[in-house]
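Below is one structure; the comments refer to it alone.
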Amino acid sequence: MSENSLKELILELTHSSERLAEVLEAERAALVARDLPALTEMVAAKQALCQQIETLSEAFATTPLVEQIDLAPESGRPELARLHKSLRACASRAQEYNAVNGKIVQRSQQSIRELMHLISGTDTDLLYGERGRTSATAKGSAIASA
């Protein structure tokens, strides 16, 4: 891959990664506000950006980016290395945002399970039956019948 096309590809990946971080930040705000329409929009945007990043990354399938930078002409390596560092920083930021969003979702699910347990009197952990279907096993009595 030529130095210019490698530079353009890194810049496109960086732009997509920056946009993904912005979407993940907006997704976090939607999660905290429990704004389902905004959350649906953010999830769709996140999926589209991830697909775009995956498509762009396929250009490196045979030779990793670091090796392609090492194979570039010596005069262009410093700039490519700087762009690569910027790309890694953007990707790292997106990864951190995604981890925080995952923790928010996990905590929300945990709260819902605890509330379901209190209200229904059933164990909220689902069990798989012989046919692969899930069901909660009843324990105790529901508040409605108490």
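The values are calculated or read from the model by the stated rules, or taken from the named source; none is laboratory data. All figures in this text were calculated on a predicted structure; none of them were measured in a lab. Every residue, glycine among them, receives a Cβ derived from its backbone with ideal geometry; neighbour counts consider all protein chains shown. Side chains included, ligands, DNA and RNA excluded: accessible areas come from the protein's heavy atoms. Shrake-Rupley method; radii C 1.70, N 1.55, O 1.52, S 1.80 Å.
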- Query: In segment 1-127, what percent of the accessible surface is made up of carbon and sulfur (1.4 Å probe, ligands and nucleic acids excluded)?
  - Reply: 56 percent
- Summed side-chain charge close to Lys103 - residues other than Lys103 whose Cβ falls under 14 Å, Lys, Arg +1, Asp, Glu -1: 0
- Task: State the answer as a single residue: which of Val105, Leu20, Pro64 lies farthest towards the positive end of the charge dipole of segment 1-110, with beta carbon charges of +1 for Lys and Arg and -1 for Asp and Glu, about the Cα centre.
- Result: Val105
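Report the charge-dipole magnitude of segment 1-114 in Debye, nearest 20, computed about the Cα centre from +1 at each Lys and Arg Cβ and -1 at each Asp and Glu Cβ. Working shown, then result.
Numbers: 13 positive and 17 negative charges, 107 e Å.
Roughly 520 debye, rounded to the nearest 20.
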- Simple SL model, points at 7 angstrom along Cα→Cβ for His117 and Leu36; separation in nm is 2.5 nm
- So how exposed is His117, as accessible area in Å² (1.4 Å probe, rounded to 10)? 90 Å²
